[in-house]
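Asks: Sharing a structure, written as structure tokens. Questions coming.
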Amino acid sequence: MNFGCDTGFHAMNLIPICCLIFAPVAGAIIHVIGVEGEAVLLTFPLTEGSEAIAIDWRYKKQQTETKIASFAHGIITTDDDIQFNTRLILNTTVVFLQIEPLHLQDSGLYVVEIKLQDKRKVFERFNLTVYVKISNTFLKKKAGSNHCTAEESGKLADVSSKHNCSFILECGAEKGNYIHFYWQKSGANLTRWISDCSPHSVNCSLMEVPTDQENCNANYSCTASNVVSTETKYIIPCFTAQEKTCRDRYFIGLSVVSLMLVAMGLSAKFYIRQKNEGKHKAVSSLKHAENCEESFREIVYADLKNTAE
């Protein structure tokens, strides 16, 4: 019996060989990183001289596999699934699938199966992870921190009592996923006193620090980082927001007083100048009146003299 393979071996020997020839070929899963709102390319370059006559792209998530794009009989289809709808571009020459813009729920396994002109089938798997860029990070002293002062902590002899004098720093991000938090004190990495905010709050990290003079006045930093973004915030724990507000109000008040003094000085200078100009005008007017009176007297005297003659 001949199975179409040009060889004289027995059919039982041909079966494994023929199956090997037509079996799909694939390597290890390719891991791809994408960013929410941006574009991603899933690429499978063909070897030189190869040509795809049919392409199927499937998306698999939670044991469910769906065809999302295809190429067959010269026709490209990219609207097979409502989740992706108009966000797909399929290229049949280079063989890539572009998704833009990426949504967070696009994470998952993508499988491409290609039928070549020589009747071979090849396929590739892509594991796409969509990241959200970190934004709106914060670092603050958590409400409810023990307000034991550094001076009071220094007076305590019992170590366990000293530990009760502590403050808690809270670091978090309003946006982002797969976030790792890194703490530093005055530039040195910290690994102790760190805990998660809660089992359900993955975008938050806490640090409880004993209150003493060194810790209280140190400069702490918290870095929130994932594969696609990083943000760092800084805080000096004993320099509270209330103290900052008081300081800002002090400088604002000082600035206002300074401006008022400058304005008062300018007003006084203007008043004195105006007053001096008024005196000058009054003196000029008086001299002018005296000159007029003298001229009048001379005229009257001349008229009387002419009449007498």
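The values are calculated or read from the model by the stated rules, or taken from the named source; none is laboratory data. Note that the coordinates shown come from a computational prediction; the quantities given were computed from them, not determined experimentally. Ideal geometry is used to build each Cβ from the backbone, glycine not excepted, and the neighbour counts take in all protein chains shown. Just the protein is used for accessible areas: all its heavy atoms, side chains included, with ligands, DNA and RNA removed. Shrake-Rupley method; radii C 1.70, N 1.55, O 1.52, S 1.80 Å.
Asks: Starting from the residue with the highest accessible area, list E113, E214, E100 in decreasing order, probe 1.4 Å.
Replies: Solvent-accessible surface, decreasing: E214, E100, E113.
Asks: At 1.4 Å probe size, with no ligands or nucleic acids counted, give the accessible surface of M264 in Å², nearest ten.
Replies: 120
Asks: Multiply the residue separation of S255 and R273 by 0.36 nm, subtract the distance between their alpha-carbon atoms, and state the gained length in nm to one decimal.
Replies: 3.8 nm
Asks: Going 7 Å from the Cα of Y178 along its beta-carbon direction, which residues of the stretch 84-108 have the amide nitrogen within less than 12 Å of the resulting point?
Replies: Output list for this probe position: 107-108.
Asks: Compute the distance in nm between two label points, each set 7 Å from the Cα along the Cα-to-Cβ direction, one at N217 and one at A54.
Replies: That separation, rounded to one decimal, is 7.8 nm.
Asks: Taking a threshold of 30 Å on the Cα-Cα distance, which of the pairs K60/K140; K60/K121; K60/K133; K60/K175 fall above it?
Replies: K60/K140
Asks: Another question, then. Given points 7 Å out from each Cα along the Cα-Cβ axis, report the Q98 to E65 separation in nanometres with one decimal.
Replies: Result for the modelled spin labels: 2.8 nm.
Asks: Once amide H atoms are built 1.01 Å from N in the peptide plane, which residues 5 or more positions from K175, or in another chain, come under 5 Å H to H?
Replies: S135
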